[in-house]
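Notes follow the structure.
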Amino acid sequence: MNAFLHVDFRRCTGCFACEAACRTAHGGACRVHLAFADGLPVPLMCRQCENSPCAAVCPEEALVWDKTHGVVLLVERCTRCGLCAVACPFGVLSVDPFGRPNVVKCDLCLGRRAEGKRPACVLTCPTEAITDEPDRPLKRRRLAGSVPPIAARPFSESLPAPMGKEGGVQGGFRGKNPR
Amino acid sequence: MNAAPPVRTVCPYCAVGCHLDLLVENGRVAGLEHAVDSPVNGGRLCAKGHAALEIVNHPDRLQNPLQRSASGWVPVSWDRALDTAAERIRNILAAHGPEALAFLSTAKGSNEENYLVQKLARALGSNNVDHCARLCHASTLTGLGPMLGMGAATNALSDLRQSECLFFVGSNLAENHPVAFRWVQEAKDRGARILVADPRRTPTAWIADLHLPLKPGTDLALLAGMLHVIFQEGLQDDAFIARRTRGVEALRASVQHTDPLWAARITGVPARDIVRAARLYAKARRASLIYCMGVTQHVHGTETVRACADLALVTGHIGRAGSGLFPVRGQDNVQGACDMGALSGLLPGYRPVTDPDARTFFEKAWGLPSGTLAAAPGLTVTEMEQAAGHRVRGLIAIGENPVVTSPDSRRTRENLKRLDFLLVVDLFLTETAELAHLVLPAAAWAEKSGSRTNTDRRVQWSPKAVDPPGEARPDWKIITDLAHRLGWDSFFPYGSPEDILEEIRRVVPAYGGMSPRRLATAAEGIPWPCPDETHPGTPVLHEHRFATEDGLARLYPIEFLEAPELPDADFPYCLTTGRVTLHYNSGAMTRRSPSLASRSPYLFVEIHPEDAAREGLHHGDRVRVVTRRGALEAQAHITGSVSRGVVFAPFHFPETNALTQNVLDPSAKIPEFKTAACRLEKVKGAGP
């Protein structure tokens, strides 16, 4: 499996199945968030960024990115300082100072994958808006003839270092979009 | 975990019939497994399906029979409760005759339970048995029955993926049947065109190639306009019309004057879009027409359903894989409840009560003395509620919540209070149960076995996984016990739902081949008609002949009629009602589910930004919506997804139906839920 989930928000119907499935799979806190922009839904969950702002700011190096599991939390290192939640550009990471687990973020259903099952939100999404096969949406769009066939590389090998010029990763995000 | 293998049950919510695998530990449902290998849903579930367990293990579930007393509810034993019920029913029968007794059956019960309810009612000599199909798809039965011979979906829902054009009329499949929507998405991936006619830009309309935002209650004009274009441009399937239908001339004459410009004036949809829609639908090789309560819940519901069928017949889009007419049912077993004859005018298998042969057949089959079955059709749901406290003295409501679901609910409530005896069988103390004299605790879907029929006529068996909480009992057991106390023991000799299904097989030909064993092993269920054990079932209806006497479909002329209450100076907006994805019908289950109620906890109304500006309303304000019948207060959601002049309110909350009109379709007796003239008043003093 790929270490991230692909979201095609144009397929999302806002049925909340992903949130419900996530709650059922993880008990309690939900790691997928259905955000609405102008009344249209976008499922948001940890993007498992390769140059993760959350991992970059973590003073204890409790968050690490690896190719098979995405951004992984090392629970024993975490001090619940909350910097990662501040750094996350998608706002999909939260820190619960008292609850368990301490950092609430999508772990791509680690437990389910260990049992050979697919992540709960992927399995349950009625319209395949969330998928763990990133080539599927591409194939679908090729079927409709809108994308030329190119070889997709799942991971880029040479990207700039996490800390950008403008004082951090988020500098790159700000300013680009005036809204 | 080394628990027992999961029990595969059928989801209790909508009519798609998804499989839910329940993990049982120590006699309790402990968890839910995604039914990955299910041919129906392949592991997919919507938010309601995920929340189904919250109903089974809900702390508010009724556990004992409750009797009303001067000091409130008193728990009583089953013996005492059933004796009381039988005595009160006997008193009413003796004093007022069987006509004074009415039964509300339930689309949430199994086929077996619905069959028993109508059998008991009819054995007592009353045709006053009906259920909530009257409020959602009664016009499908009265509309399609005479045209096609059968008022049911013609194809399996999975067939949608083979269509090249999907035309949704008044159906919000994406929100109400989310799991079925994946077939629509698959069709779109293959390049199918999606047309959606709906006053709101619903999630179904988000993926539409063409959205026709018509005024509520004008669907008939839109369809007439499309038919005009089809005949005008010669897009009709002449071979199909000649070979399989009758009455095309009358139809053609009736749509002679309904040109797109006329339709555009009435519906508010641009004429060119009506022309485009007609061309896209008629020219597609395989096209499906999906309609739902936006079509049926009107005074002219029957006519509008017939216009839908006219469109499908004239273009030949019926009776083939990928081409069909889909009335999408709302509840898990509303199709089955209709099949079982839980309708005031129809015996099991849609045989009319007015037909003497049908009555003789059932009297013989049930071993009743000749002349027991009443010849006149009984009262429908809305008529029962109007007559409650007057002509109707006793009402037995099983899994129904008319105080929330019926129109003009204030009057319904007053009438129910006047009854001599109101018996409610339900999972929870619903708004209706609070008015009852006696409340009996029922078993939820996971706590009883039974067969259920989905919207595409697939009959699936849902086995029992756990015991009901406390002393709750399954409905079939309650009805059987009640029948025994009423002295009908020899006519109700059932020890299990399987026994009842065996009897159903004998009297309903379409279910003839559905033995309990066969149903239990059929992974996807069996679509009726299935006359014998070797028959594989019928996924596509009307392939070679229609179910009418001569095998030909009837085309009906279209006559446009206006909605009974149009916006005027005092009530300038049109209130329309509908469903939202997180709630389900009367909300008795979903408003009690923490995970669903927390996401959608209160009633809201959707208002167009221009209307909101005129009324001085802002997003989140408290607003009072007033109609001639009542008022509700809700939070205002300002959104461009509703058309100008339209106010939308979900009907899952008890307040909504205080506003709707109790005006009935003359033949289907379905109330006009979808239009009501209203005005908006800002509630002062309540900040956002």
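A search for C-beta distances below 8 Å between a residue of the range B:231-244 that is within 17 Å of B:His544 (Cα to Cα) and in contact (Cβ under 8 Å) with a residue 60 or more places away in the chain and any residue that is among the aromatic types (Phe, Trp, Tyr) and assigned to a loop (DSSP other than H, G, I, E, B), counting only pairs 6+ apart in sequence or on different chains, returns B:Arg244/B:Phe546. If the condition is being free of Cβ contacts under 8 Å to residues at least 24 places away in the same chain and touching an Asp or Glu at 6+ places or on another chain (Cβ under 9 Å), then the range B:465-498 contributes only B:Pro493. Taking every residue in the range A:13-29 that is within 7 Å of chain B (Cβ to nearest Cβ) and pairing it with any residue that is polar (S, T, N, Q), at least 6 positions away or on another chain, the pairs with Cβ-Cβ distances below 7 Å are A:Thr13/A:Thr127; A:Gly14/B:Thr581; A:Cys15/B:Thr581; A:Phe16/B:Thr581; A:Ala17/A:Thr124; A:Ala20/B:Ser595; A:Ala21/A:Thr124; A:Arg23/B:Ser595. Checked against (1) closer than 30 Å to B:Ile92 by Cβ; (2) within 14 Å of chain A (Cβ to nearest Cβ), B:Asn127 passes all but condition (2). Being within 14 Å of chain B (Cβ to nearest Cβ) and in contact with a helix residue (DSSP H, G or I) (Cβ under 9 Å, 6 or more places away or on another chain) is a condition met by at least one residue of the range A:42-51. If the condition is being polar (S, T, N, Q) and in contact (Cβ under 8 Å) with a residue 24 or more places away in the chain, then the range B:1-56 contributes B:Thr9, B:Ser38, B:Asn41.
Identify all residues within the range B:610-639 that are within 20 Å of B:Ala569 (Cα to Cα) and not in a strand (DSSP E or B); write none if there are none. Hits for the range B:610-639 are B:Glu610, B:Asp611, B:Ala612, B:Ala613, B:Arg614, B:Glu615, B:Gly616, B:Leu617, B:Thr627, B:Arg628, B:Arg629, B:Gly630.
Out of all the residues in the range A:12-35, is one or more assigned to a strand (DSSP E or B), within 11 Å of A:Val92 (Cβ to Cβ) and either among the aromatic types (Phe, Trp, Tyr) or within 13 Å of the chain's Cα centre (by Cα) (or both)?
The answer is yes; a qualifying residue exists.
Could you say whether any residue in the range B:259-269 is buried (at least 23 other Cβ atoms within 10 Å of the Cβ), closer than 30 Å to B:Gly512 by Cβ and β-branched (Val, Ile, Thr)? No, every residue in the range B:259-269 fails to be buried (at least 23 other Cβ atoms within 10 Å of the Cβ), closer than 30 Å to B:Gly512 by Cβ and β-branched (Val, Ile, Thr). B:Val56 meets all of the listed conditions (1) under 29 Å from B:Ala156 (Cα atoms); (2) more than 10 Å from chain A (Cβ to nearest Cβ) but one, namely (1). Of all the residues in the range B:576-609, those that are more than 14 Å from every other protein chain (Cβ to nearest Cβ), hydrophobic (A, V, I, L, M, F, W, C) and under 21 Å from the mean Cα position of the chain (by Cα) number 2.
Among the residues of this structure, B:Val299 does not count as one that is surrounded by 24 or more Cβ atoms within 10 Å (Cβ to Cβ) and assigned to a helix (DSSP H, G or I).
If you go through the range B:20-40 and keep only what is touching a Lys or Arg at 6+ places or on another chain (Cβ under 9 Å), within 19 Å of B:Phe181 (Cα to Cα) and more than 8 Å from every other protein chain (Cβ to nearest Cβ), you end up with B:Leu20, B:Ala35, B:Ser38, B:Val40. Quick check on the range A:52-78: of everything there that is assigned to a loop (DSSP other than H, G, I, E, B) and in contact with a Cys (Cβ under 9 Å, 6 or more places away or on another chain), which residue is nearest to the other protein chains (Cβ to nearest Cβ)? Going through the qualifying residues, I end up with A:Cys78.
Where a number appears in this text, it was derived from the coordinates with a stated rule and is not lab data. If you're wondering where the values come from, they're calculated on a predicted model, not measured in any experiment. Here Cβ is always computed from backbone atoms with ideal geometry, including for glycine, and neighbour counts include all displayed protein chains.
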